[in-house]
Amino acid sequence: MRVHSLSIYNSGGDVLWLSEGALGPDEHSIVVDGIDALGAAENKLILTRTLDDGRSAILLAVRAPRGDLVGLVMILADPKSLKGEAPMQSVTAPLRAALQKIAVLLRVKGGNAGATSAVAQMSAATNTSSISGSELALMSGSLPVLAVAQPETTATVLTPKRVDDVLTFELTPEPAAQPKAPPIAPAATASIPMTEQEQAADLILDVQQLTQLRSGGRTRRYEVLARSRRDVARKQVPPAFVAPAARGPDGAALDSLVLRQLLTWLGENPVVWDAEPASFSINVSLGALEDAQFLQRLPADLARTGVAAQCIGFEIGEQACSQRPAQVQRFIATCEKIGCFVVLDNFTLAPQALQFLRSPTLRLVKIDVRLTSSALQDKLSQALVVAIAQACKVLGIHCVAKNVESQAALQWLTAVGCDLAQGFVLDRPLPLESLAAPAGCTKPPSAALRKAR
């Protein structure tokens, strides 16, 4: 099946891991209902639900050995890719092994007395690594269907050997032995958090340029993307960088690192933004929005590096506008005083976010990809995209279509009034350093040249 996202939750419905994107109130409601239903049915391991937008939600129970529910896995999939077949009704052997591994990790993290004492007895050499991306990918693959096994009835206390056996269970045949790289501290347990110096050393920045769909304006617009130097193949920041759902000081700390690193590099390479107009926007977490001190150092950093305030912007998700309206209002007001701009991300015309369209510092509105990706097939999505584009035109705000992946979608979005588009087929993310002009040049290389490289 074609999978949109995969997420893991504890028994309280808190998201612990999300493969991509963001989850809204509808998805959270499905999770809460699933926890109630699976918690009441001890022997049930799987539920399927249909969301209002037509996606299928496959809910997998994560159970302790005695059968009590300790967590839940949700797979959001496109039902059209099932070719008329019913969603998964059984749990395969590799998938069941992965669920057992998650159950042990949740029990250890949740403070189960037996599991905690068992882990405490394990030596530093014991392999307690978190579930790898390839293992999680198996959870959404097309696997042979096997009968659902009944919950185990082993003792509550898990021995160190039993914990180690479950955590190191292999889902695929092991390749020939090769020298292993030094292990990185596991993100799932987060027992040894990375220091700020380690985070700064691991962090690298990519940028993705927004493509103009209509003539007018010379400003080159980039979204700044945080990446990991240790695991470049994954192209994402390790989970140890951020707290669940990017709340609290960890989310603010990562955003501060990204902002300082961006300003330092732009200060050392003024030709990138001074020779021709350019702007750079950073996604801000809930933690940064909640931290009243997050923007306190920005004026001094701008003065130190010489970077113009109007070159720096912050992308705020529509969901954050609904969850933290007071904090968002304070953040936007501070940006207005400093001279930075704001971008509303994942916009759907939700009533809670409409008030922020009045802000004079708002420069861009990015339409939620769920609307733009389904607009060619769904009339309501079409209407919402057109309404957002027209509202932006009246307000004098640039309208951006995200994740544009086809020529047909690009042509339609241009026709209905979108000003800019963003997607891998238009411009792939590149290292920030690639924007620097080669020796002897007076301006950054063109987008066409950067693509050719």
**Fill in**
From the option list Arg234, Arg221, Arg230, single residue qualifying as at pLDDT 70 or above and more than 27 Å from Gln327 (Cβ to Cβ) is Arg230
**Item:** Tally of residues being more than 29 Å from Trp265 (Cα to Cα) and β-branched (Val, Ile, Thr) across region 405-437
**Value:** 2
**Prompt:** Among Ile30, Ile102, Ile75, which is at pLDDT 80 or above and assigned to a strand (DSSP E or B)?
**Reply:** Ile75
**Item:** Subset of region 288-301 (residues that are under 28 Å from the mean Cα position of the chain (by Cα) and in a helix (DSSP H, G or I))
**Value:** Ala288, Leu289, Glu290, Leu298, Asp301
**Message:** Return the residues of region 55-66 that are closer than 11 Å to Leu76 by Cβ and at pLDDT below 90; say none if nothing qualifies.
**Reply:** Arg55, Ser56, Ala57
**Complete:** Restricted to region 23-57 and to residues being of a type in the set (A, V, I, L, M) and under 20 Å from the mean Cα position of the chain (by Cα), the residue nearest to Val3 (Cα to Cα) is Ala57
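The values are calculated or read from the model by the stated rules, or taken from the named source; none is laboratory data. Because the structure is a prediction, the values reported are computed rather than measured. Glycine gets a Cβ as well: all are built from the backbone with ideal geometry, and neighbour counts include every protein chain shown.
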